[in-house]
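Every number in this text was worked out from the coordinates using simple rules, so none of it is lab data. As the structure is a prediction and not an experimental result, all values here were calculated from the model. When we count neighbours, we look across all protein chains shown, and the Cβ atoms used for this are built from the backbone with ideal geometry, even at glycine.
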Number of protein chains: 4
Amino acid sequence: MRVKDDIKNSKIYQATISLTSRVGLAGLTMANIAQAAGIATGSVYTYYSSKVVLINEIYKQTLSRYEERLYDDIAFDDAVDVNLRKVFLNYMHYLQAYREEWIFQDQYYFSPYAVKNHDMQQTTDAMFLPLTQILEQGQSIGLIKPVPTNYFIYLLHGFGHEVSAAVHMGLETFDEILIENSFSLYWSAIKQ
Amino acid sequence: MRVKDDIKNSKIYQATISLTSRVGLAGLTMANIAQAAGIATGSVYTYYSSKVVLINEIYKQTLSRYEERLYDDIAFDDAVDVNLRKVFLNYMHYLQAYREEWIFQDQYYFSPYAVKNHDMQQTTDAMFLPLTQILEQGQSIGLIKPVPTNYFIYLLHGFGHEVSAAVHMGLETFDEILIENSFSLYWSAIKQ
Amino acid sequence: MRVKDDIKNSKIYQATISLTSRVGLAGLTMANIAQAAGIATGSVYTYYSSKVVLINEIYKQTLSRYEERLYDDIAFDDAVDVNLRKVFLNYMHYLQAYREEWIFQDQYYFSPYAVKNHDMQQTTDAMFLPLTQILEQGQSIGLIKPVPTNYFIYLLHGFGHEVSAAVHMGLETFDEILIENSFSLYWSAIKQ
Amino acid sequence: MRVKDDIKNSKIYQATISLTSRVGLAGLTMANIAQAAGIATGSVYTYYSSKVVLINEIYKQTLSRYEERLYDDIAFDDAVDVNLRKVFLNYMHYLQAYREEWIFQDQYYFSPYAVKNHDMQQTTDAMFLPLTQILEQGQSIGLIKPVPTNYFIYLLHGFGHEVSAAVHMGLETFDEILIENSFSLYWSAIKQ
DNA sequence: TATGAATGAGGGTTCATTCAT
DNA sequence: CATGAATGAACCCTCATTCAT
């Protein structure tokens, strides 16, 4: 039973994320989700007790996947520039592969479903702690500009999203060159 | 006879933008809008024939205000670095003052209301043409890196949004220092 | 002022009748009526205090016109068969010229606006009294079948409506032949 | 799972017909229908996707029942006068038993819901084809007047409705005598 | 008096949720 | 446990009526 359940749960997740990326939370209905997941409307309630719960659970799941990806293959005793490049690449790849997740998060953030509590903020902070540590390490050896590390995170985030959006709008092609050009600009911005 | 009222129209605009920034398009109802605008539900239909029309009209209005602001006080025969700084500052100020507009646009983009046609893309392209020209001018005099100007626009956009978001989350204070630090990083990224 | 008022009143009457014949009472709105009458919505209320009053007033007006027409040019001391033919012709011409009135009456009768009181029934009875007298006169001289005169009225009514409807549907042409054929059948039915 | 219910469908049909006969299409609401059918408002939409669809579907259903009844128990190789009497009786009984259906049809015809297309006309034509054939057969053997058969149909229709209306208004009693008197007049009209 | 914008109750419809099968 | 019909609150929208101009 467990395996079967997990498969359905996963289908609901995918259906929700995918639908939201196409029609926003404003166009999301339980019937839609069920249909896209290939199950009956009522069955969704076996997995999530309500729409609010469903959306919040799925939001949390997206956060988990996010963190997992961001620090993939990072060895914290590697050189700062190596790690930064890796995090940047990880982020770009995450945005490319999980764009729907990002759209979902974005839609969620300003929706009536969002639980605007401190937990969430703390989760986000925690998520960027490793990156902050890498950046501070870079500052301590004079490799990176001595401005608050937050700026570098804003830059990473914002730039990444925009490039990713451009790719998904068909304005750019997601390839080696794109990533190298992007990282090159990023590095120009933060390096001492 | 009572005359159709620009003030009421403006209140509907404000109410829509403001509500969307708080509860997203998913939480937006005609009754909400009317109440926030201080008029009767039915009166909204004197100004906009349906919810779809209302949302699309208001979306267009936000685009107009956006463009207007972006090139405020720009003299195109000024020096490239002067103009770039001005555009950057304009953008930061726009995001600060019109954050709700930006949230509305963001919510709109992935909603069932979005008209995904070429007109919209063309409008956006046209909006960035002046900035592109400034950047190309900078490249022609060897002041700016010879990479496609799109990258610089992604950087401006993304960075701006993230900094602005941080301000509105209370993580940063919107002041001279913030803007100078931000522009400084931006300039490091794009300058030759 | 009186003349002007009467003109507007008449326009409201025509608009109401005409609209009802096209879209039924279910499709009738005060705004429609006003527009078709070439006046402002609010102005209708100068002449009729509410929609219910308007519809009932206009219903009564249709009844008056009806009676007026039915006995047009009848001399009650003429021969029975002459008078019957005249009433028949009058009725056919009334239905032809005032078909919209008839549709209005028909729609009214089963609508929530209908005042189902005895007054109406009495009015209708009174309307047919002269015809009944003609028919009874015919029976007394052995010209007409000795069945209750009601039957002859049902026959006149029903047949007339159907022929008229056929004309308006384009199935028949309203001319001498049609009327003669029709009356001929009617006369076959009632004559001794 | 609960299964779509023919009984509920039938209740919706009855509720719609019955309500329309009392308050017209102008007084018909989906909430009314649901209440009269003993189900929830939303449930009506499980069976009919909109009010327009509901009204049109039910209109078609009334036509089917109509035809079915009109030729009940007719053997087309019986004598013309026998068949004519039967059709007449069938029609009178139909009008008596299904008066609400007739009112519904009447209200429908001039409503904004009516689909005024050729299909409808063709359906009606087809419905009267058998009767026309009986009448023509009667003409060919010199039993019936050589006037276009349409007239006899107008007469049947119109007379029937008026007599039926009189019954329902309490002016006549629906019994053997009424029917015999009526048919007798009808036969006088059409016989050679 | 004439106008048509303003009002808000009420209608058509959707959809989260429940529940019989 | 899965299904999808049933429910009814809440949505979008209409329209009779009012009222400022």
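Numbers below:
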quantity	calculated
Per-residue mean of C-beta atoms belonging to partner chains within 10 Å, peptide D:142-154	3
Calculated label separations, B:GLN96, copies of the chain, 7 Å along the beta-carbon direction, nm	3.7, 8.3, 8.9
Stokes-Einstein D in µm²/s, Kirkwood radius over Cα pairs - the protein assembly as shown at 25 °C with 0.890 mPa s viscosity	74
Amide H within-cut-off set for C:ILE144, under 5 Å, with H built and near neighbours excluded	C:GLN139, C:GLN192
Within 10 Å of each Cβ in D:181-189, the average number of Cβ atoms from other chains	5
From phi via Karplus (6.51, -1.76, 1.60), per-residue ³J(HN,Hα) for segment B:150-163 in Hz, x at Gly/Pro	3, 4, 5, 6, 4, 5, 4, 4, x, 4, x, 4, 5, 5
Dipole of the protein assembly as shown [Lys/Arg +1, Asp/Glu -1 at C-beta], most positive-end residue of D:ALA40, D:LEU89, C:GLY27	D:ALA40
Between segment B:82-108 and segment B:16-61, the alpha-carbon center distance in angstrom	22
Taking only Cα atoms of segment D:60-154, radius of gyration then Dmax in Å	14.6, 45
Cut-off 16 Å (backbone N to label point 7 Å along Cα→Cβ of A:ASP125), residues of segment B:143-166	B:166
Pairs of lysines in chain A (C-alpha under 29 Å apart; 8 or more residues apart or interchain)	15
Radius ratio Rg over Rh of segment D:21-97, counting only Cα atoms, Kirkwood formula for Rh	1.17
Other protein chain Cβ atoms within 10 Å, averaged over every residue that makes up B:162-175	3
Per-copy distances of the B:ALA126 label point, shortest first, in nm (7 angstrom along Cα→Cβ)	4.9, 5.4, 7.1
Neighbour-count ranking [beta-carbon atoms within 10 angstrom, fewest first] of C:ASP125, B:ASP106, B:ASP77	B:ASP77, C:ASP125, B:ASP106
Footprinting exposure proxy for B:LYS145, C:LYS11, D:LYS60, D:LYS116 (fewest neighbouring C-beta atoms within 10 Å first)	D:LYS116, D:LYS60, C:LYS11, B:LYS145
Sorted by Cβ density within 10 Å, fewest first, the residues B:VAL115, A:VAL44	B:VAL115, A:VAL44
Principal axis dimensions, largest first and in whole angstrom, of segment C:102-192 by Cα	44, 36, 16
Check: segment D:101-176 dipole with +1 on Lys, Arg Cβ and -1 on Asp, Glu Cβ, in debye	300
For D:VAL82, label point 7 Å along C-beta direction: distances to other copies, nm	4.8, 10.8, 11.1
Nearest beta-carbon to the D/A symmetry axis - residue in chain D, distance in Å	D:GLY42, 4
Check: the protein assembly as shown dipole with +1 on Lys, Arg Cβ and -1 on Asp, Glu Cβ, in debye	980
For segment C:51-61, Karplus couplings with θ = phi - 60° (6.51, -1.76, 1.60), whole Hz, Gly/Pro x	5, 4, 4, 4, 5, 5, 4, 5, 4, 4, 4
Rg and Dmax of chain C, Cα atoms only, in Å	18.8, 59
Positive-pole candidate from A:LEU143, D:ILE141, D:ILE12, dipole of the protein assembly as shown, charges at beta carbon	D:ILE12
Principal semi-axes in Å for segment A:1-48 [√(5λ), Cα gyration tensor, largest first]	19, 11, 7
